[in-house]
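Chemist: Pasting in a structure now, in structure tokens, and then I'll have a few things to ask.
FYI, it's all coordinate maths here, none of it is from the lab. Keep in mind that this is a model prediction, so the values were computed, not measured. Note that each Cβ is placed from the backbone with ideal geometry, even for glycine, and that neighbours are counted across all protein chains shown.
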Amino acid sequence: VNCLKKKKKKKKQDTFFFFLIVCHSLQESLLSSASGYSNYRGILNWCVVMLVLSNARLFLENLIKYGILVDPIQVISLFLKDPYSWPAPCLVIASNAFIMAALYTERRLSVGTISEATGTFLYFINLSVILCFPAATVLTVTSMTSVGGVFALGVYTIVFLKLYSYMDVNRWCREIRKAKARTLSRSHSCPSVSRANGAAAHALVTYPGNLTHRDMYYFMFAPTLCYELNFPRSSRIRKRFLLRRLFEMVSLTSDFHFRWMVPTIQNSMKPFQDMDFSRMVERLLKLAVPNHFIWLVFFYWFFHSSMNFVAELMQFGDREFYRDWWNSETVTYFWANWNIPVHKWCLRHFYKPMLQRGVNKWVAQTAVFLVSAFFHEYLVSIPLKMFRLWAFMGMMAQIPLAWFVGRFLRGNYGNAAMWMSLIIGQPIAVLMYVHDYYVLHSSQAQGGERGVEL
């Protein structure tokens, strides 16, 4: 025993002296990609602290200089006094008529009052009007601003996608119910399995018990485009989490982030005929940085802060609104992971049904890009009241770009190509719209001045 104790003591001494002599080992720096280190929580906290300090200073400066510029009570009173001077909110409120039309159509279909063909026709009319009615309103109402038009058309596009999913899922439920009815009639048995589970079975909503106003409006406000009878729900509302997301939403909408961009954008307002090719490239690169910054701020504000805020408020359990698109090595991976709600909708209600009908995979993927290109152009051209197809062509150009990157570029080269398409590709389309909008309105302004002179 004494010998063993002496050996252990000597071993500890040897280990101690070893660490005194050898203090280096083969290892990478933490910020090196080869280190495998991924805990950057402290850096994120630093960003939050800097965001708080910068916006606090800006808030105090604006409050001292200008006072309270926007009174929420006054805004509400003005809207109630003259609602027609606010066409965009009125247009959004009118969307409830289409939502109710879809709900009552489903109720008639669930009890067999109308046939499936009649229901499909009613849905076709309802969904068509959802796209055409706001577009016609934006184009004809002169008091509608471009920002208000984008907001109203964005809401109607979301309602369109949600109601299409609502139609599909309820139709699937009716098909399952009919299939079960045929099976039960053949076996002369009763569906007593669901009753055996007791309270757990009653906690779930079954068709047609989901056709209620509460269920419909929960789906309308939930941060998803795909309808389900039973959404995953969180157990409680985390108030601290809710306040953090609210603070991020308010901070990111501050003009502090965009004030430095205004001179750059204003200096870029020149027609192409006044510039040579090198000047046009320089103007494009000048717009690339502020455009990309705005896109990144919008992504975080909408997909992380806003959607998590709404999900927490509604106890919506599925918070996968985006994946690691920043690590994309192909263009296809980026489009499949930066906007998960739209990706799930396209996969569930458009891409897979086309494959089930025997459509070729490449044709189905092209069709998905075609639909996405249509909605991009729909949300840009109509509010600007200009039909130039730059957004449409930009989206369709992603198809050959995705093929080229997937075929010839791999790893970091593919990731760099994805970032280049975001930083340079988007500003090209933005520059074209900015240029056309500037030329159109400047020519109108010059024509008005000439008319006044005459």
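Chemist: Could you calculate the contour length gain from residue 168 to residue 34, that is, 0.36 nm times the residue separation minus the distance between their Cα atoms, to one decimal place in nm?
Modeler: 43.5 nm
Chemist: Further, regarding this structure: Taking the Cβ of residue 231 as the centre, find all other residues whose Cβ is under 11 Å away and add up their charges (Lys, Arg: +1; Asp, Glu: -1). Write down the numbers at each step before the final one.
Modeler: On the way: positive: 233; negative: 215, 228, 318.
Here the charged neighbours net out to -2.
Chemist: List, largest first, the extents of the alpha carbons of region 310-375 along their principal axes, each in whole Å.
Modeler: Cα extents, longest axis first: 41, 27, 21 Å.
Chemist: How large is the dipole of region 341-412 about the Cα centre if only Lys and Arg carry +1 and Asp and Glu carry -1, each at its Cβ, rounded to the nearest 20 debye?
Modeler: That gives a dipole near 220 debye.
Chemist: Report the calculated FRET efficiency for residue 115 and residue 298 (r = Cβ-Cβ distance, R0 = 41 Å), to the nearest 0.05.
Modeler: Taking R0 as 41 Å, the efficiency between residue 115 and residue 298 is 0.40.
Chemist: Continuing with the same structure: Report the Cα-based extents of region 373-438 along its three principal axes, largest first, to the nearest Å.
Modeler: Largest first, region 373-438 extends 41, 21, 13 Å along its Cα principal axes.
Chemist: Right, here's the next one. In nm, give the distance between the simple-model label positions of residue 143 and residue 423, each being 7 Å from the Cα along the Cα-to-Cβ direction.
Modeler: Going from the residue 143 label point to the residue 423 one covers 4.5 nm.
Chemist: A follow-up question, please. What is the distance, in nm, between label points placed 7 Å from the Cα along the Cα-to-Cβ direction at residue 371 and at residue 180?
Modeler: The two pseudo-label positions are separated by 2.8 nm.
Chemist: Now, a different point. Where does each of 110-118, 215-223 land if you order them by average Cβ count within 10 Å, highest first?
Modeler: Numbers: 110-118: 11.7, 215-223: 17.0.
The peptides rank, most packed first, as 215-223, 110-118.
Chemist: For residue 404 and residue 363, what is the calculated FRET efficiency with R₀ set at 25 Å and r taken between the beta-carbons, to the nearest 0.05?
Modeler: Values: r = 19 Å, r/R0 = 0.77.
Taking R0 as 25 Å, the efficiency between residue 404 and residue 363 is 0.85.
Chemist: So what J values fall out for region 127-132 if you push phi through Karplus, 6.51 cos²θ - 1.76 cosθ + 1.60 with θ = phi - 60°, rounded to Hz, Gly and Pro as x?
Modeler: My calculation for region 127-132 gives 5, 5, 5, 4, 7, 7 Hz in order.
Chemist: Moving on to the next point. Quick check on packing: order 418-424, 241-247, 37-43, 174-180 by the mean number of other C-beta atoms within 10 Å, highest mean leading.
Modeler: Ranked by mean Cβ neighbours within 10 Å, highest first: 418-424, 241-247, 174-180, 37-43.
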